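Report on the structure given below.
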Amino acid sequence: MGAHDEPKPDVGTASLSTRAVAGTDAGAGAERAPDLSADVVEAIVEVRGQLGVVHEIDPASTALIVIDMQNFFLAPGSGVEVPAARDIVDNINRLAVSMRSVGGTVVWIRMTFEPNELADNWTAFLPVNGATKGPSTFRDIEPGQPGHELWPLLDVGGSDLIVDKRRFSAFIQGSSDLQELLDERGIDTLIIVGTLTNVCCESTARDAMMLNYRVIMIDDGTATISTNAHRAALDNVAMFFGEVQTTDHVVDMLANATVG
């Protein structure tokens with residue numbers, strides 16, 4: 001009947017990379033369903049009549065938005081290390097190559113804190129975050145610091161856009177000029193990947209929908225520090241803010257897209 005009727009592997013303690021490999025290899029020629037909770041899939045199908053609503057992609061009006069794949073999050077021992085984020089690099093690169101091959105736009109977003117910005121403007125965030133060193137924990141993500149740079153194994157093209165954002169969402173007021181850059185290019189569909197799934201990726205996806213962009217979040221192209229948090233963020237996006245798909249599915253859609 002639907003994706004929720006298919007057996008799912010036990011992902012309670014599995015790593016993101018293990019789930020991605022298991023999902024991709026499960027059944028010769030079979031396409032893995034997006035990694036969503038069964039009750040969420042059931043609720044979506046009941047309302048929409050189907051799980052997926054985006055059946056084709058126009059490359060000219062689509063952008064791949066890569067969130068915060070920086071040394072600060074990917075390097076071992078870094079300020080906020082997300083080990084699973086290293087496992088999604090290959091999928092992000094596949095999507096970037098596919099987007100460029102059909103004339104789509106690729107945007108690399110970098111989380112950015114100016115000196116003293118946290119101490120001055122993020123005083124509500126620091127106690128919640130629990131950083132033992134306070135604002136100094138995030139000093140390496142300031143412009144010019146090694147942590148601010150994109151992870152070196154990413155396939156960044158010469159025609160790609162690099163955008164610095166100063167809030168978790170790339171679209172909230174004062175965060176970045178992403179909306180202006182997308183609107184200039186006639187972009188109406190966003191494919192969101194990167195880290196952290198439940199923080200900057202989800203925040204950006206939510207605001208994107210509220211600005212009337214079509215949103216596709218990639219389950220094996222996003223990562224965070226908790227498997228449960230990852231799944232919950234995907235569930236949230238799939239239910240209310242867009243669509244969740246796999247890397248393989250979107251690469252196939254791009255390969256079959258009509259290039260104007």
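The values are calculated or read from the model by the stated rules, or taken from the named source; none is laboratory data. Being a predicted model, the structure only gives us computed values, none of them experimental. Glycine also receives a Cβ, built like all others from the backbone with ideal geometry; neighbour counts cover every protein chain displayed.
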Inset, instruction - Within the range 206-226, identify whether any single residue is among the hydrophobic types (A, V, I, L, M, F, W, C) and over 15 Å from the mean Cα position of the chain (by Cα), and answer yes or no. - result: yes
Inset, instruction - Go over the candidates Arg110, Arg100 one by one and state the one that is outside any strand (DSSP E or B) and either modelled with pLDDT of 95 or more or surrounded by 17 or more Cβ atoms within 10 Å (Cβ to Cβ) (or both). - result: Arg100
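Of Asp68, Asp58, which residue is buried (at least 21 other Cβ atoms within 10 Å of the Cβ), within 30 Å of Gly157 (Cβ to Cβ) and acidic (Asp, Glu)? Give the steps one after another, and end with the answer.
On the way: Asp58 fails: buried (at least 21 other Cβ atoms within 10 Å of the Cβ).
Exactly one of Asp68, Asp58 is buried (at least 21 other Cβ atoms within 10 Å of the Cβ), within 30 Å of Gly157 (Cβ to Cβ) and acidic (Asp, Glu), namely Asp68.
Does at least one position in the range 240-253 carry a residue that is of a type in the set (Phe, Trp, Tyr) and farther than 26 Å from Asn129 by Cβ? Steps first, please.
Just the residues of the range 240-253 that are of a type in the set (Phe, Trp, Tyr), to begin with: 240-241.
Right, trim to farther than 26 Å from Asn129 by Cβ and you get none.
Among the residues of the range 240-253, not one is of a type in the set (Phe, Trp, Tyr) and farther than 26 Å from Asn129 by Cβ, which makes the answer no.
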Inset, instruction - Give the range 166-178 a look and list any residue that's crowded, with 18+ Cβ neighbours inside 10 Å and either in contact with a helix residue (DSSP H, G or I) (Cβ under 7 Å, 6 or more places away or on another chain) or not charged (D, E, K, R) (or both), or say none. - result: Phe168, Ser169, Ala170, Phe171, Ser175, Ser176, Leu178
Inset, instruction - Look at Ser203 and say whether it is part of a helix (DSSP H, G or I) and either among the acidic types (Asp, Glu) or under 21 Å from Glu114 (Cα atoms) (or both). - result: yes
Inset, instruction - Considering (1) over 22 Å from Ala223 (Cα atoms); (2) part of a loop (DSSP other than H, G, I, E, B), say which one Asp120 fails and leave the rest. - result: (2)
Inset, instruction - Collect the residues in the range 216-260 that are in contact (Cβ under 8 Å) with a residue 60 or more places away in the chain, among the hydroxyl-bearing types (Ser, Thr, Tyr) and either within 13 Å of Ala33 (Cβ to Cβ) or not in a strand (DSSP E or B) (or both), keeping them in residue-number order. - result: Thr224, Thr227, Thr246, Thr247, Thr258
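Would you point out which residue out of Gly158, Gly186 is in contact (Cβ under 8 Å) with a residue 60 or more places away in the chain, not in a helix (DSSP H, G or I) and not aliphatic (A, V, I, L, M)? Step through it out loud before you land on a result.
Numbers: Gly158 fails: in contact (Cβ under 8 Å) with a residue 60 or more places away in the chain.
Just a single option satisfies the conditions, and that option is Gly186.
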